[in-house]
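Input: a single structure, listed below in C-alpha cells.
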Amino acid sequence: MTSVIRSRDGTHCSRRPAGGTLGAMEAIEAEGLKRRYAQEFEAVRGVSFSVREGEIFALLGTNGAGKTSTVEVLEGLARPSAGRVRVLGFDPFTERARVRPRTGVMLQEGGFPSELTVTETARMWAGCADAPRPVPEVLETVGLAHRADVRVLQLSGGERRRLDLALALIGRPEVLFLDEPTTGMDPEGRRETAALVRTLRAEGTTVLLTTHYLDEAEQLADRLAIMHAGEIVASGTPEQVVAAQPSRIRFRLPAGLRPERLPLSVPAAVHGRTVSVRTHTLQEALTELLLWARAEGVELEGLHARTASLEEAFLEIAGAEVLR
C-alpha cells in the first residue's frame, strides 16, 4: 500500500510505488493544451511541445504569455481545459500518485513555515519522498550547509530560492520543474545554480525551466520555446531561434567619405557618421565591407560585428514586452 502525506502546496504527495518505470523518449508532452479561467479568458491557446528525457528545456514568455499557466498544468496543479498532457507517460492531474513522487517542483514562491530552521524544513519535506537524499547532502549541494540551523525567517531572498531548490531535489526527481529558479540570487548564486542544473542533466534528469534571464536560457537550454499571447511563436535550439534574426555590423563612416560610396550590395542605415548594417549573411557582408575599405584606402573606425542574441530574438518576436 502507498502511504500518503500532505505536502506544503496543499496537495498530497505519495511515496513511490514499486514498479511503473517508463522508458519513454519523451519525458513531457503537451498536445493542443488550452487553459481557460472563468470560461472567459483563455490563457493558453492550443500549445504543443515535448521535452526529451535528459534534456533542459526553457519555456520563455512575455508578461501574461501563459507560460506559468502551462507549467502548472504540467506539474499537475491544474486540469487542462482542453488538450492532452503527459509527464513520464502519465496524466499529471488524474494520475498524480504515479507522477508526483518522480518529479521535483520549484515554485516561484515557497511559503515555508518561518519559525522552522533550514534543516527542520528539509527534514519535513523529506518525509514526502521515498529514499530521499540526506538532508546535509542536499543542503551542501545548493550552498546552504552553513545556514542549516538558521530559521527560514532569517534567510535572504536568494537563500530562500536555494532552499526551494533543495526541496525540489530532495526526492531525486526524474523530471524537475524550475519556475524562475534564480530570481533574487546574486551572480554567484546564479552561476552555481546553472552548474547544478547542468550536473543534473548529465545524471539523466529532465529539466523544464522558466526564467526571465535570457542569457541563462541561452546558456543552459538544449531547446526552448517562446510563448506570446497564449501561443508558442518560436521554438528550437537557442542557435536556431537566434539564427532567424539578423546579425549586426556597425562602424563610423570615414571623414570626407559620403554614404553613397558604400557598397550597394550591403544594405546600410546611416545616422550621422554611424553606419549600421543588419544582415543574415554576416561573413559575406563583413568580407565585402573590408575589401571595399581596402580598395578605398580607408579605415572603418569602431568596427563591431556580432550575431544576434536570444534577447534580441525575444524582443523581436514578443514586441519588447517585459518578461514574466
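Just so you know, all these numbers are worked out from the coordinates, no wet-lab data involved. Fair warning: this is a prediction, and the values are worked out from it, not measured in the lab. Positions of Cβ are backbone-derived with ideal geometry, glycine not excepted, and every protein chain shown enters the neighbour counts.
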| remark: Sorting Thr193, Gln39, Ala58 by the position of each Cα along the dipole of the chain (Lys, Arg +1; Asp, Glu -1; all at Cβ), the one nearest the positive end of that ordering is Gln39
| What is the spin-label model distance, in nm, from Arg52 to Leu303 if the labels are put 7 Å beyond Cα along the C-beta direction? | 3.9 nm
| task | Mind checking region 107-205 for GluC sites (Glu not before Pro) that DSSP puts in a loop (not H, G, I, E or B) and that have at most 13 other Cβ atoms within 10 Å? | result | Glu109, Glu115, Glu203
| request: Any chance you could run the full-extension gain for Ala82 through Leu153? It's 0.36 nm times the residue separation minus the Cα-Cα distance, nm to one decimal. | output: 21.5 nm
| Principal-axis tilt of helix 157-169 within the chain, Cα atoms, nearest 10 degrees | 60 degrees
| request: Quick one: compute the contact order of the chain, relative version, from alpha carbon pairs under 8 angstrom and 6+ residues apart, as a percent. | output: 19 percent
| note | For the chain, whose charge dipole is built from +1 on Lys and Arg Cβ atoms and -1 on Asp and Glu Cβ atoms, the candidate among Val85, Gly158, Ala229 with its Cα farthest towards the positive end is Val85
| field | GluC sites (Glu not before Pro) within region 247-324, DSSP loop, no more than 16 other Cβ atoms inside 10 Å | value | Glu299, Glu321
| Quick one: of the DSSP bridges fully inside the chain, what percent are antiparallel, nearest 5? | 70 percent
| said: I need the calculated FRET efficiency for the pair Arg258 and Leu315, taking r as the beta carbon distance and R₀ as 25 Å, to the nearest 0.05. | reply: 0.15
| remark: Using alpha-carbon positions, the gyration tensor of region 48-90 gives root eigenvalues a ≥ b ≥ c; with a/c under 1.5 called rounded, otherwise prolate if a/b exceeds b/c, else oblate, the class is oblate
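Run lengths n ≥ 4 of DSSP H only: what is the helix-derived mean residue ellipticity at 222 nm for the chain, with -39500 (n - 2.57) per run over all residues, to the nearest 500?
Values: 10 runs with 94 residues, N = 324.
Value at 222 nm, helices only: -8500 deg cm²/dmol.
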| query | When the distances between all Cα atoms of region 192-324 are binned every 5 Å from zero, what whole-number percent does each bin get? | reply | 2, 9, 17, 16, 12, 11, 11, 9, 7, 4, 2, 1, 0
| note | Looks like region 246-307, by Cα gyration tensor root eigenvalues a ≥ b ≥ c and the a/c under 1.5 rounded cutoff (else prolate when a/b is bigger than b/c, oblate otherwise), is prolate
| task | With the cut-off at 36 Å, report for the chain the share of all Cα pairs above it, as a whole percent. | result | 32 percent
